[in-house]
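*Asks:* I'd like to ask some things about the structure below.
The values are calculated or read from the model by the stated rules, or taken from the named source; none is laboratory data. Source: prediction; values computed, not measured. Note: ideal-geometry Cβ built from the backbone for every residue, glycine included; neighbour counts use all protein chains shown. Each accessible area value is taken on the protein alone, full model and side chains, heavy atoms only, with ligands, DNA and RNA left out. Shrake-Rupley method; radii C 1.70, N 1.55, O 1.52, S 1.80 Å.
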Amino acid sequence: METGNDVLDRTLSRKDVLKLAAAAGGAGLLAGRSGAAGAAIERLAGESGRLQVLDWAGYEVKSLWLPYLKKYPGQAPKFTFMTNEANALAKLQAGLRPDVVRPYVGYVQEFSQTGFFQPWNPALISNFKHLNPVMVKAGQVGGKQWGIPADWGFDAILYRTDKVQPKARSWSLLFDERYAGKIAWFDDLNQLVWAGYYLGFKTPYDQSDSELKQSQDLLKKKKHLVRMFWSSETDMDNAFASGDLWIAYAWRYDWVAMKAKGLKVAYMHPKEGPLSWIGMLMLGKSSPRYHHAHDFANAWSATQSAKWLEDNYGYGEANVQARPASADLLRVLQLTNPNAVAEPNAHIDRHVPRRALYARLWEEVKAA
């Protein structure tokens, strides 16, 4: 982990090199790159803007970080893609060393303990002051800023209003017997989490053995109603658009996509509370592009980047100054309420102490 002294040393080294360059005639020293000062300048020059970023496919779009490209023309980051956080961790363990990784908030604590990351220095991110304080706090571990909040959204229920008449605003719509064969669940262990909220448990992210059995039994009992366990959002959207699905565990983008196709849809926040997620930019340990990584996070946090994401992806962005062009989207995103993602309005995704157990129990649900 890079300490405050390491950052100070880095800053002093930069100042010392500039002083040495000036003392030696500046341009001549830069041209010759000889001696100790020349070697130091060579190292500083090595902090190029060619950042290495590990992210989800679809987030390499330059509109999400355009201010970075404007500051460093011709130095677009190099993107490698992950399919989920476990896949990202496997890539890191195999030797990949990205400067920036963007897991979701429930994994920040675990990732901070892997030895692959270091905390950010918010003082180097001028747009940090515009970020939602609730989300900023969610990115902290041990009082340090391990995650810079970026995109965010809800896990809730998408349904066809012309086909479905909910009996209640509840997670129970995901196992309503009247709509057998028209329902989709997400292929993820957090299905045990929403089941826990439905059953009224106090800590669904950290259920007791007895509670986990009840959550698993509920899912096993109701899984025969489910047509699809989706892992590809595209596959789920296609099935929903074709009429194969009328009800789905979904993200807000799916509501945007189905509205664009002319379907009559609603995005229900269950009375037990939707789940909420926050994309978190994390900084690679000993990144050779430390300052460029901070500039990248700053670009993500810019109002213009945030507005573009909201207008085009249908998700919220941590920058509280951003507003989408669509009034409908503004309402569904609940952007006028900075606490929309947190209790009592929603349950922010969080660290699952027994994640491996949850994962095994979810696999047993699918296999039952």
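*Asks:* Of all residues in the stretch 272-299, which are under 18 Å from N132 (Cβ atoms) and open to solvent by 20 Å² or more (accessible area, probe 1.4 Å)?
*Replies:* Of the residues in the stretch 272-299, the ones under 18 Å from N132 (Cβ atoms) are 274-282, 297-299.
Across the stretch 272-299, the qualifying residues are W277, N298.
*Asks:* For the stretch 239-261, which positions are more than 20 Å from the chain's Cα centre (by Cα), of a type in the set (G, A, S) and open to solvent by less than 60 Å² (accessible area, probe 1.4 Å)?
*Replies:* The answer is A239, A241, G243, A248.
*Asks:* Of all residues in the stretch 292-319, count the ones that are assigned to a loop (DSSP other than H, G, I, E, B) and at pLDDT 95 or above. Give the steps one after another, and end with the answer.
*Replies:* First, pick out the residues of the stretch 292-319 that are assigned to a loop (DSSP other than H, G, I, E, B): 301-302, 314-315, 318.
Applying the additional criterion that residues be at pLDDT 95 or above yields 301-302, 318.
Matching residues across the stretch 292-319 total 3.
*Asks:* Quick check: is even one residue across the stretch 320-327 open to solvent by 70 Å² or more (accessible area, probe 1.4 Å) and closer than 15 Å to V105 by Cβ? Even if it seems obvious, please write down each step before you answer.
*Replies:* Here is the first cut: in the stretch 320-327, the ones open to solvent by 70 Å² or more (accessible area, probe 1.4 Å) are 321, 323, 325, 327.
Of the ones still in play, those that are also closer than 15 Å to V105 by Cβ are none.
Taking every residue of the stretch 320-327 in turn, none turns out to be open to solvent by 70 Å² or more (accessible area, probe 1.4 Å) and closer than 15 Å to V105 by Cβ.
*Asks:* Could you check how many residues of the stretch 184-210 are within 19 Å of the chain's Cα centre (by Cα) and among the acidic types (D, E)?
*Replies:* So the count comes out to 2.
*Asks:* Tell me the residue from S208, S286, S232 that is within 30 Å of S112 (Cβ to Cβ) and in contact (Cβ under 8 Å) with a residue 60 or more places away in the chain, please. Give the derivation first.
*Replies:* Values: S208 fails: in contact (Cβ under 8 Å) with a residue 60 or more places away in the chain; S232 fails: in contact (Cβ under 8 Å) with a residue 60 or more places away in the chain.
Criteria check complete, one pass: S286.
*Asks:* A further question on this structure: Which of the numbered conditions does G262 fail, given that it passes all the others? Conditions: (1) over 25 Å from W185 (Cα atoms); (2) assigned to a loop (DSSP other than H, G, I, E, B); (3) free of Cβ contacts under 8 Å to residues at least 40 places away in the same chain.
*Replies:* (1)
*Asks:* May I pose another question? Would you please name the residue that is nearest to K271 (Cα to Cα), looking only at residues in the stretch 198-231 that are of a type in the set (F, W, Y) and surrounded by 21 or more Cβ atoms within 10 Å (Cβ to Cβ)? Talk me through it step by step, then tell me what you get.
*Replies:* Initially, the stretch 198-231 is screened for residues of a type in the set (F, W, Y), giving 198, 201, 205, 229-230.
From what's left, surrounded by 21 or more Cβ atoms within 10 Å (Cβ to Cβ): 205, 230.
On the way: Y205: 18, W230: 24 Å.
This residue is Y205.
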